[in-house]
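Working notes, structure below.
Here, each number is a calculation from the coordinates, and none is a lab measurement. This structure is a prediction, so every number in the text was calculated from the model and none was measured. Because the Cβ atoms are built from the backbone with ideal geometry, glycine has one as well, and the counts that use them run over all protein chains shown.
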Amino acid sequence: MKNLFSNIKGDAFGGITAGIVALPLALAFGVSSGLGPTAGLYGAIFISFFAALFGGTNTQISGPTAPMTAVSMVVIAGIIATNDGDISKALPTILTVFLLAGIMQIALGILGLGKYIRYIPYPVVSGFMTAIGVIILFTQILPSLGYYPKEDKVFVEQFKPLAEEAILENILKEEAGEGILVLENFKETINRAQDISQADILKESQTLAAKKASGALGAIKALPRALKQINWLELILALGTIFIIYGFKRITKAVPSTLVALVVMSGIAVGFGLNYRPIEEIPSGLPLPNLEIITAFKLGNITPHIFTALTLALLGAIDSLLTSVVADNMTKTKHKPNKELVGQGIGNSVAAIFGGIPGAGATIRTVVNITSGGKTKLSGMIAGIMLLIILLGLGPIASKIPAAVLAGILITVGIGVMDYKGLKAIPSLPKDTKFGPLKVSSEVLIMLTVLILSTFWNLVYAVGIGLVIASLMFMKQIGDLTAERSGVKPLKEEAWDDESDFPVNLKEEVFIKHLKGPLFFGTTSDFQQLTSQIPDTASTVIIRLGRMQYMDQSGLYAMEDMLQELSKKHIEVLFVNLLKQPKYMMERIDIIPDLIPREHIFKDFKSCLKWIKANVKDVY
């Protein structure tokens, strides 16, 4: 507790600032998920507080994130569709799936599986993150145009025959459950069918119409109709929001541009009495637990969604631990991955009980917290309390926010979440795999497979397929190149035979590192610790690469990050016996010659030693 209050002023400022930054995103993610702004706000409050309290990263701010919301959106839409479009009827099942995901995260942490998250290769993560951005972009185009499929009477009318078929099918299922033999007692079916009103058919038609226009593919199909029925006021509100978000950043980054856009555009809409579409009403008062999770629990409702809950748990784990690494780099600390998973799991579980959407560690909010002075768990807890105060004090005011403004905010989130580094690398990566007469890059193939399948089919299965392809490709590459075990771990170095003549007086100034075996997605975590091994006295680092036969894209970027870090410290790096494949990879993205000049690459240690004696001075 003493450490918790060791930085009250900094933590208070960091937490309050992060909470303010989180507000518009929480509302937007809630609306995007399909459960409404309140669910986003509740998720942000409880996940931020409890993940900070029980987690393993002191400065992390957690809450709803783009990847978690994108998967939640699919889960919510599917469960609502199976419950005749009735959200209140579907809600207990939805929240139970979210609760199960939180419990699974706790289990992952207790079992010590946090360290295995690093084995997910870069192309899979890259393809997935870009797909998240594309999905958010496509799904927010319709509301930014002021088009809602459920309200398009002509579009809904097309689904009446299917609606009648679905309703009749439900009647037959009910009769089967009650033991009624339809063919022997067809009058009962007729009687029940006569009770169906036009309102029932319309409601089912609207549900089917909304489902047809859901997701990226559905939004693309509905776009021509939306363009014919543009609500110009909604479009101007959305475009104004986007303009302010990008424009205000050019003026100052001291105030979050997302919040400025929310306040300014909402103020214009309300102040001028414009006839805009507001978000759903946010209830005032303290959040209350949804006891229907327990009272309406049915195992049969949950079993089809167990794999989806596991996906949410794993995605939240990856999202959070990647943010933890960013926090570590900024604060020069070391997070506890398994404890972080337990904290995230508790946060998601509590949020589900109170009706909130799931979330994870949020990179931008964490960076804002750190740069504003946050240093301990208290900052994340204060961020959650800040959002609760906003809910209690400003709930009715927040209910007047235009839906188009949140659509505009989400469009900028979609643009920002894409992995541009991975996309830019597509033309540069070597074509190392043959498909008949075609030669393609295995890394690009994996990334595009995950991107396309995630965007137009299924996020969950896309990641699984991407992992399988990545594993098979990796096994092939390693099988072709070497069976030698990896040796990039940060262990104490043992001098090789040809290093026996190394000048004793330069051992403080020169650090020698041996890389033995491939540098791939499974070894990058250990490799990234290389900079911490180098003594403060060293001005030159020799990396011996004669036994590193293979490097994948994850290893390539780990190498680039390490070299950039050493360059900032003005430490010169020399490569010895760089092999063909790693050299080719590094040349493709200009590590050679931008970070490693060609004159710093030596064929053998003897020629490197000659350079050392001529250029390195004995200082210590």
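Numbers below:
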| quantity | calculated |
| --- | --- |
| Set of the stretch 523-563 residues, backbone N closer than 17 Å to the point 7 Å along the Cα-Cβ line of residue 615 | 538-545, 563 |
| Cα-based Lys proximity count in the stretch 110-218, under 19 Å, for pairs eight or more positions apart or on separate chains | 13 |
| 13 Å beta-carbon shell around residue 109, net charge (K/R +1, D/E -1) | +2 |
| Cα centroid separation - the stretch 228-274 against the stretch 369-400, whole Å | 22 Å |
| Mean Cα-pair separation over length for the chain, i.e. relative contact order, pairs under 8 Å, 6 or more apart, % | 26 percent |
| Trypsin sites (Lys or Arg not before Pro) restricted to DSSP loop in the stretch 245-317 with at most 12 other C-beta within 10 Å | 253, 298 |
| Reachable lysines, given that their alpha-carbon falls under 17 Å from the alpha-carbon of residue 298 and they are not under 8 places away in the same chain | 89 |
| Residue-count net charge about residue 596 - beta-carbon cut-off 12 Å; Lys, Arg +1, Asp, Glu -1 | -4 |
| Mean separation of Cα contacts under 8 Å, 6 or more apart, over the residue count of the stretch 1-54: relative contact order % | 21 percent |
| Estimated dipole of the chain in Debye, rounded to 20 [Cβ of Lys and Arg +1, of Asp and Glu -1, Cα centre] | 1380 debye |
| Cα-centred dipole magnitude for the stretch 497-615, charges only on beta-carbon of K, R (+1) and D, E (-1), debye, nearest 20 | 320 debye |
| Subset of 434/568; 507/583; 476/580; 424/580 violating a 29 Å alpha-carbon distance limit | 434/568 |
| Residues in the stretch 564-582 reached by a label modelled at residue 330 [backbone nitrogen below 19 Å; 7 Å Cα→Cβ] | 565 |
| Per-residue ³J(HN,Hα) for the stretch 320-334, Karplus 6.51 cos²θ - 1.76 cosθ + 1.60, θ = phi - 60°, Hz, x for Gly and Pro | 5, 6, 5, 5, 4, 5, 4, 4, 4, 5, 7, 9, 6, 10, 10 |
| Label-point gap, in nm, between residue 5 and residue 579 - each point 7 angstrom along Cα→Cβ | 5.8 nm |
| Among 77, 216, 409 - extreme Cα towards positive end, dipole of the chain, charges at beta-carbon | 409 |
| Length released on extending from residue 252 to residue 115, taking residue separation times 0.36 nm less the Cα-Cα span | 45.5 nm |
| Computed magnitude of the charge dipole of the stretch 154-215 (debye, nearest 20; Cβ of K, R +1, Cβ of D, E -1) | 320 debye |
| Formal net charge of residues neighbouring residue 404 (Cβ-Cβ distance under 10 Å; K, R +1; D, E -1) | 0 |
| Sorted by Cβ density within 10 Å, fewest first, the residues 498, 84, 319 | 498, 84, 319 |
| Residue list for the stretch 82-105, given a label point 7 angstrom along the Cα-to-Cβ vector of residue 310 and an amide N cut-off under 19 Å | 96-105 |
| Separation of the residue 82 and residue 434 label points, Cα + 7 Å toward Cβ, nm | 4.6 nm |
| Between 0 and 90°, nearest 10: helix 232-251 axis offset from the chain longest Cα axis | 20 degrees |
